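These notes concern the structure reproduced below.
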Amino acid sequence: IMNSIRKLIKFLIDIFLLNLSLTISIFLKYDQVQLTDRNINFFIYYNLSFCIIYFILKIYNNSWRFSGISEYTTLITLSVSTTLLSYMIRPFLKLDTKSSLYFEAFIIFTFLLILSRFLMFLTRMKGIIKKDLNQENVLIYGAGESGVLLVKESRINPNFPYRIIGFLDDNPNKIGGK
């Protein structure tokens, strides 16, 4: 149940960031936040588009723990897809929202998504002092992506039960890598 609550909180944070970016976009466009029918519909359909794309891409499974290129690529894909879907349904719903609002919302939303993940990553990294927990020394078999993720986890998780002392790998190109 804790995992479901965390996923819901992450989803709500992303919804908040989306609506913040939409509000900023409207403010930048009109120098004020206008609550017109056009702008309310813009919010509704942009949020619906976001929810559809969010669940299609299964963003709720992203960890927020690591700020890797694959996570950032997924966030950009989310933002692009949400914007495109919102923009494409615009004529069918007879919305006369200015095209530039979509572009502004895209830029701001993408920035806020990436910034939120990066700040979360920094928060987890900052101030974590590893306690000497009588950790067992281990060697990781495989110096690939999974092994690197284990090292990252061991550095940011103060309760990680092992001290990683090295890697074993059958690829000679990985000898001496860091």
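Of the complete DSSP H runs in the chain, those spanning 24 angstrom or more by Cα along the long axis with a mean Kyte-Doolittle score not below -0.5 are 2-30, 37-56, 69-89, 99-125. For the chain, the solvent-accessible area works out to 64 Å² per residue, with a probe of 1.4 Å and every protein chain left in place.
Taking 0.36 nm per residue of separation and subtracting the Cα-Cα distance, full extension of the segment from Glu145 to Ile9 would add 46.2 nm. The listed peptides 21-31, 92-102, ordered by packing as a protection proxy, come out as 21-31, 92-102 (highest mean of other Cβ atoms within 10 Å first). Full extension of the chain between Tyr72 and Ile1 yields a length gain of 22.9 nm, computed as 0.36 nm times the residue separation minus the alpha carbon distance.
My understanding is that a pair violates if its Cα-Cα distance is over 26 Å; which of Lys7/Lys152; Lys7/Lys174; Lys29/Lys58; Lys152/Lys174; Lys58/Lys152 do that in this structure?
Table pairs above 26 Å Cα-Cα are Lys7/Lys174; Lys29/Lys58.
Seen from a random direction on average, the alpha-carbon convex hull of the chain projects onto 13.9 square nanometres.
Amide H neighbours of Phe167 under 5 Å, counting only residues 5+ apart in sequence or on other chains, H built in-plane at 1.01 Å? Amide H to amide H, under 5 Å and 5 or more residues apart or across chains, Phe167 pairs with Ile140.
The values are calculated or read from the model by the stated rules, or taken from the named source; none is laboratory data. Quick caveat: nothing in here was measured; it's all calculated off a predicted structure. Don't worry about glycine lacking a Cβ; one is built from the backbone with ideal geometry, like all the others, and counts go over all protein chains shown. Areas reflect the complete protein model, heavy atoms only, side chains present, ligands, DNA and RNA absent. Shrake-Rupley method; radii C 1.70, N 1.55, O 1.52, S 1.80 Å.
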